[in-house]
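The values are calculated or read from the model by the stated rules, or taken from the named source; none is laboratory data. The structure displayed is predicted, hence computed values, not measured ones. Here Cβ is always computed from backbone atoms with ideal geometry, including for glycine, and neighbour counts include all displayed protein chains.
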Amino acid sequence: MKQTILGLFAALILMTASCSNDEKDEPTTYDPATEIAGTYLGETKVTNGTSSYSYPESTFIIRKESTGGVRYDLIQNNGKELLTNIYTTVGYSQDKSEYVLAAINENGTITKSGNISYTGTCSVNGEKGYTFTFIGYKEK
């Protein structure tokens with residue numbers, strides 16, 4: 001009986017010792033800017049209420065910034081840049097199911113599967129007052 005109690009006590013000490021290393025593990029952190037960086041393919045629609053343009057096969061390129069945000073370029077299918085080097089912040093939705101991008105007069109979401117919807121303002125041929133929407137998916 002005494003040996004059984006000592007055996008159980010020794011086993012308990014070993015279990016406690018092996019569990020103590022778990023507390024030293026670093027917590028996993030996620031960087032949304034790193035997770036969303038990449039090239040997105042889709043369609044851009046631009047309108048000012050009277051004129052409307054559509055650019056199928058547009059490219060939305062997101063690059064991580066050292067500040068924690070991202071910069072993006074929006075390029076038409078003919079290679080012409082519609083917007084370039086635009087800074088925006090990035091975070092998570094409240095339930096962490098989507099990434100949220102936000103800047104002055106701009107906002108968008110990217111799902112965990114890589115679908116993007118982004119809306120903002122731009123100029124067309126020097127004329128201000130246009131709104132653009134890019135809808136697409138992350139290139140694999």
Residue satisfying all of: in the stretch 93-108; within 18 Å of residue 45 (Cβ to Cβ) and crowded, with 16+ Cβ neighbours inside 10 Å; farthest from the chain's Cα centre (by Cα) among these: 106
The stretch 10-53, residues that are closer than 13 Å to residue 136 by Cβ and either assigned to a helix (DSSP H, G or I) or modelled with pLDDT under 95 (or both): 36
Going through the stretch 40-78 one residue at a time, which ones are more than 19 Å from residue 104 (Cα to Cα), β-branched (Val, Ile, Thr) and loosely packed, with under 15 Cβ neighbours inside 10 Å? 50
Breaking point among (1) in a strand (DSSP E or B); (2) touching a helix residue (DSSP H, G or I) at 6+ places or on another chain (Cβ under 9 Å), for residue 68: (1)
Residues of the stretch 75-131 being without any contact (Cβ under 8 Å) to a residue 40 or more places away in the chain, under 19 Å from residue 56 (Cα atoms) and not in a loop (DSSP other than H, G, I, E, B), which ones? 75, 81, 84, 108, 115, 117, 119, 120, 121, 123
